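Enquirer: I have a structure here, written as structure tokens, and I will follow up with some questions on it.
The values are calculated or read from the model by the stated rules, or taken from the named source; none is laboratory data. The structure presented is a predicted model; accordingly, all values stated were derived computationally and were not measured. Methodologically, a virtual Cβ is constructed for each residue, glycine included, from the backbone with ideal geometry; neighbour enumeration extends over all protein chains shown.
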Amino acid sequence: MEAGSVYFIEQNFLPFQFMISESSNYRESCEIIRSMSVRGAGAIGALAGFAMAQACNEANTVNYVPFITKARKEIEQTRPTARNLFYATEKVFKAGLTSPFNAIREAMKIADKDAADSVKIGEYGSGLLKENCRILTHCNAGWLAFVDHGTALSPVYQAHAMGRKTFVYISETRPRNQGSRLTAWELNNAGVPHVIISDSSVAHYMSQCKID
């Protein structure tokens, strides 16, 4: 977030185009969540926090509390697929009751913590991945879905960075194809060997003992 605007990766354009877009107010940020331009629990939570901070920044002193209270309700009604959204709006709303500056600072802290937590997940989780480990993923839990690094994919990236060989089976994840559109795009850019499989073939690969 810079100067009242939030910058985000437009996920609906991937894997064909990588584009960073701008949201200049909280209502635009709400629409970004609704349209799935930003997906993933951590990323949605961070954007919700920034949207709440934008609302605090946009409110005037006359009707400040009613304005941000209404904004909080709008943000929480966008696409509440995980607790992250409610956690962020609540924390930033409470900070914003004292000042817009505190709201922005709290939103930044939430985003930074999301990235730091993902690093730790990678550090601990990479120790579970043995050499030539074969991993199955569903949907997207990489750095696109969070502020950075990701959760389920963070150990894969860290293991790969340490030179440990891994192979990832990516389920396509219908109906939005987050696996084939987002996870595969991430792994391809990171140089991690992978293949996309249909959702319905997952049980077959497991029965053949091809998933560790």
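Enquirer: Taking the criterion of being without any contact (Cβ under 8 Å) to a residue 40 or more places away in the chain, among the basic types (Lys, Arg) and touching a strand residue (DSSP E or B) at 6+ places or on another chain (Cβ under 9 Å), would at least one residue in the range 128-141 satisfy it?
Expert: no
Enquirer: Within the set of pairs 6+ apart or on separate chains, which have a first residue in the range 1-26 that is aliphatic (A, V, I, L, M), a second that is surrounded by fewer than 13 Cβ atoms within 10 Å (Cβ to Cβ), and C-beta atoms under 7 Å apart?
Expert: Close Cβ pairs satisfying both conditions: Ile9/Ile20; Ile20/Tyr7.
Enquirer: Just checking, does the range 126-148 include any residue being of a type in the set (D, E, K, R), over 16 Å from the mean Cα position of the chain (by Cα), surrounded by fewer than 22 Cβ atoms within 10 Å (Cβ to Cβ) and in the same structural domain as Leu14 (by TED's automatic domain parsing)?
Expert: Going through the range 126-148, the residues of a type in the set (D, E, K, R) turn out to be 130-131, 134, 148.
Subsequent filtering for residues that are over 16 Å from the mean Cα position of the chain (by Cα) retains 130-131, 134.
With the extra rule that they be surrounded by fewer than 22 Cβ atoms within 10 Å (Cβ to Cβ), the set shrinks to 130-131, 134.
Next, from what is left, pick out any that are in the same structural domain as Leu14 (by TED's automatic domain parsing): none.
Looking for residues that are of a type in the set (D, E, K, R), over 16 Å from the mean Cα position of the chain (by Cα), surrounded by fewer than 22 Cβ atoms within 10 Å (Cβ to Cβ) and in the same structural domain as Leu14 (by TED's automatic domain parsing), one finds none in the range 126-148, hence no.
Enquirer: Quickly run through the range 106-116 and pick out the residues that are in contact (Cβ under 8 Å) with a residue 12 or more places away in the chain and surrounded by fewer than 20 Cβ atoms within 10 Å (Cβ to Cβ).
Expert: Just the residues of the range 106-116 that are in contact (Cβ under 8 Å) with a residue 12 or more places away in the chain, to begin with: 106-108, 110-112, 114-115.
Residues satisfying the conditions are Met108, Asp112, Ala115.
Enquirer: Kindly indicate whether any position in the range 101-108 is in the same structural domain as Ala46 (by TED's automatic domain parsing), touching a Lys or Arg at 6+ places or on another chain (Cβ under 6 Å) and under 21 Å from Ala59 (Cα atoms).
Expert: Taking every residue of the range 101-108 in turn, at least one turns out to be in the same structural domain as Ala46 (by TED's automatic domain parsing), touching a Lys or Arg at 6+ places or on another chain (Cβ under 6 Å) and under 21 Å from Ala59 (Cα atoms).
Enquirer: Continuing with this model, one more query. May I ask you to verify whether Lys120 is at pLDDT 95 or above, assigned to a helix (DSSP H, G or I) and under 17 Å from the mean Cα position of the chain (by Cα)?
Expert: Considered against the rule, which asks whether it is at pLDDT 95 or above, assigned to a helix (DSSP H, G or I) and under 17 Å from the mean Cα position of the chain (by Cα), Lys120 comes out as yes.
Enquirer: Specify the residue that is surrounded by the most Cβ atoms within 10 Å (Cβ to Cβ); the eligible residues are those in the range 159-188 that are farther than 21 Å from Glu131 by Cα and free of Cβ contacts under 8 Å to residues at least 24 places away in the same chain.
Expert: Applying the filter and picking the extreme gives Ser180.
Enquirer: So which residues in the range 26-38 are assigned to a loop (DSSP other than H, G, I, E, B) and either surrounded by 16 or more Cβ atoms within 10 Å (Cβ to Cβ) or touching a Ser or Thr at 6+ places or on another chain (Cβ under 8 Å) (or both), if there are any at all?
Expert: Ser37, Val38
Enquirer: Looking at Phe101, Phe93, Phe50 in this structure, which one is exposed (fewer than 15 other Cβ atoms within 10 Å of the Cβ) and in a helix (DSSP H, G or I)? Show your work before the answer.
Expert: Details: Phe93 fails: exposed (fewer than 15 other Cβ atoms within 10 Å of the Cβ); Phe50 fails: exposed (fewer than 15 other Cβ atoms within 10 Å of the Cβ).
The match here is Phe101.
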